[in-house]
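Bear in mind these aren't lab numbers, they're just calculated from the coordinates by the rules spelled out. Since the structure is predicted, the reported quantities are computational estimates derived from the model, not experimental observations. As a convention, Cβ positions derive from the backbone with ideal geometry for all residues, glycine included, and neighbour counts pool all protein chains shown.
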Amino acid sequence: MKSTRTRLVWLVVLVVCISVVFSLARRGLPVEVVEVVQGPMVQSVVTTGRIASAARTDIASQSTARIEAILVREGDVVKPQQVLVQLRDDEASAALAQAAAAVTEARGRMRQLAAVQEPVSLQLLEQARAADAQAARELVRTRDLFQQGFVSQSRLDDAQRAAIASASAVLAANAQATGNGINGAEGALAQSRLSQVLAAQKAAETRLDQLALRAPAAGTIISRVADPGDTAQPGRTILTLVSGDETRIHASVDEKNLNYVKLGQAARATADAYPERAFSAVLTYIAPAVDAQRGTVDLRLRVDKAVDFLRPDMTVSVEIITAQEPNALKLPSDVIFRDPNGSNYVLVIRDGFARRVDIATGLRGIGTTQIAKGLAVGDRVIAATTAVEDGARVREQSRRAVQAGVQPVAASKQ
């Protein structure tokens, strides 16, 4: 009797367990679902970079000299050709004064040739020609008298020697007049000397000017690494100047994202110092080669001129908008599966069962993927939090919201 009662109890327990299992099987496996929604979708590439000016100039001396004065400080705005650093220039000033004196002397020599030597030489030539003409006439007259027997042979010889001497004097005076003229040998020497001293003066002026370090363009001093009394060395930076009315962002992206970035794409950026003040930029440069060591591609973006709170070398976060769709169907990326053949699919709840649906994807955002084909708004997709097979009976236990869509970005004007 007791044995029969025990069997009956176990039978009841077994029936209850079977009923529970059957009931649970009828209800299905509890799963988390995500509903397909429609809204704006943005695909972007995120990176970091630094603010850079269009022109950055290191102010340095071209020679070794003591720094007499530094006339600016960090943050000062300077004008073109404004003197920023004055180096010791007493030796250069003396060299310039010496060169200027040599120029004055050379020009005085040119004036002397023009006002004294050339006129005197020409006058001497005229005198020599007059004397030569007189000697020639005297020779003719003496030769006539000799033929008539009125003078001796020695008198005729003297007249001939005088004529020859006067002709030689004309040649010498002519040579001297030609040489002493502005266009003669003396003039050429004087002009060569003047050119030499003018070049020396120019070199001295350049040397003196190099000791006054000037701003090559309007800009702002951002760095000063020397003080008066220090010795300036060639090529060693004293000041750093940034100039230009264009602000840029220098950044880089992983080479795997190179296919997504294109010139002219709009971007959002925020400076680490001002995270609440987002600003726009435009992609204007993509490096033609990949950095082999880092596996990255360098980029440059131009910032809107109205943004005035940025400073050189600030760290910024940049989101480059590579594509956008105002009315995209979308799902969280982690609910999408890929089979061995490379096809994308999801599991949806239909009539209480998990059903595989092949899909085509589009844009890929941060944690969100666009569904280009295969689903409709309101479809319930099973999340990957529970292992479910195609055809399994399931029931919705909880629902996860899709990440809010980001509003499309208007392309900035280039």
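Summing charges over neighbours of residue 100, with a neighbour being any other residue whose Cβ is under 14 Å away from its Cβ, gives +1 when K and R count +1 and D and E count -1. The angle between the Cα long axis of helix 2-27 and the longest principal axis of the Cα atoms of the chain comes to about 40 degrees, rounded to the nearest 10. Pull up the DSSP beta bridges for the chain and report the antiparallel fraction as a percent, rounded to 5. Antiparallel bridges: around 95 percent, rounded to the nearest 5. Principal-axis analysis of the Cα atoms of the chain puts helix 185-210 at an angle of about 30° to the longest axis. log₁₀ I(q)/I(0) of the chain at q = 0.10 Å⁻¹, via Debye over equal Cα point scatterers, no solvent, to two decimals? Log10 of I(q)/I(0), two decimals: -0.93. Over the chain, dividing the summed -39,500 (n - 2.57) contributions of all DSSP H runs of at least 4 residues by the number of residues returns a 222 nm mean residue ellipticity of -11500 deg cm²/dmol.
For residue 315, neighbours were defined as the other residues whose beta-carbon sits under 10 Å from its Cβ, and their charges (Lys and Arg +1, Asp and Glu -1) total -1.
A viscosity of 1.306 mPa s and a temperature of 10 °C, combined with the Kirkwood radius over Cα pairs in Stokes-Einstein, give a translational diffusion coefficient for region 169-286 of 72 µm²/s. Think of region 92-208 as having a plus end and a minus end, set by charges on the Cβ of Lys, Arg, Asp and Glu; of 93, 195, 103, 93 sits farthest toward the positive end of this dipole. Total lysine pairs in the chain at Cα distances under 30 Å, for residues eight or more apart or on different chains: 13.
Its convex hull of Cα atoms gives region 92-208 a direction-averaged projected area, equal to a quarter of the hull surface, of 8.3 nm². Axis angle, to the nearest 10 degrees, between helix 153-180 and the longest C-alpha principal axis of the chain: 20 degrees.
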